[in-house]
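Each reported figure results from applying straightforward, stated rules to the coordinates on display, with no laboratory input. Because the structure is a prediction, the values reported are computed rather than measured. Methodologically, a virtual Cβ is constructed for each residue, glycine included, from the backbone with ideal geometry; neighbour enumeration extends over all protein chains shown.
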Amino acid sequence: MSTPHIDAEVGDFAKVVLMPGDPRRAAYIADNYLQDSRLITDVRNATGYTGRYQGNEISVMPSGMGMPSAAIYITELYRSFEVEVIIRIGTAGGFAPQLDLRDMVVASGCITNSRMPELLLGGPEYELVPTVALLNDAMALGAESGLSLQSGTVFTSDIFYEPDEGLNDRMIADGILCVEMETAALYAIAQIENKQALSLVTISDHLTTGARLSSEDRQSTLDEMINFALQVASAQAESTE
Ligand code: HPA
């Protein structure tokens with residue numbers, strides 16, 4: 001049952017999918033964290049893999065950058081490949097002064113400058129939130145693991161090169177933690193398709209201070225997030241079996 005952007009059979013995907021942005025990150029996770037991983041699709045170099053983590057079947061599928069790309073993969077996974085849970089693992093630019101580089105944010109809510117959620121959900125009144133049970137599980141696991149984990153509202157933007165110089169201060173005043181480019185699509189589509197979703201991001205750069213992670217720090221921070229996301233995914237895989 002191939003879709004326009006995923007060339008795979010229904011059973012090729014696990015019920016639980018980790019979704020980084022970058023296809024090379026998907027390959028990195030498959031190679032370094034999953035047992036018996038196999039490539040299941042590579043249309044447009046969007047390489048998806050399935051393997052096992054602590055005995056549970058997990059897939060990894062990249063979203064590409066931005067909501068239009070992410071929405072295509074998210075919709076096809078939920079609608080055509082019997083995927084139940086998608087956990088985004090990404091990076092974000094920090095607004096909030098209390099956030100440090102490397103901190104992990106669990107997106108307990110989301111606002112956006114995109115019309116996509118409105119168009120998908122049929123009107124301007126909507127709420128973009130993760131699956132509560134997933135959020136709670138992630139926070140509990142985070143507390144046990146001693147990670148520097150915060151939950152709060154993220155801003156999903158259609159714009160990376162933001163021209164609005166006042167945006168930063170308004171976001172800080174509104175208590176928005178960070179900016180990234182995919183979570184709103186994930187939360188809107190999960191609602192429509194009646195599926196489960198959670199978005200995790202690490203702060204790779206700080207928009208107030210201008211600080212950024214070195215590539216070495218990026219990698220080790222990424223490893224922390226992958227480990228954490230796999231614990232969350234694995235617990236979900238057990239409960240969806
Ligand atoms: N803007 C949007 N997305 C991002 C950023 C940013 O500054 N940093 C990491 N992802």
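The distance linking region 56-71 with region 155-195 is 17 Å (Cα centroid to Cα centroid, whole angstrom).
Give the shape of region 1-70 as rounded, prolate or oblate, defined through the alpha-carbon gyration tensor: a ≥ b ≥ c are the square roots of its eigenvalues, a/c under 1.5 means rounded, and otherwise the shape is prolate if a/b is larger than b/c and oblate if not.
It comes out oblate by the Cα gyration axes.
Each Cα pair under 8 Å and six or more residues apart adds its sequence gap; the mean of these over the residue count of the chain is a relative contact order of 26 percent.
Cβ crowding within 10 Å ranks 88, 170, 218 as 170, 218, 88, fewest other Cβ atoms first. In a DSSP loop and with at most 10 other Cβ atoms within 10 Å, the GluC sites (Glu not before Pro) in region 131-221 are 165.
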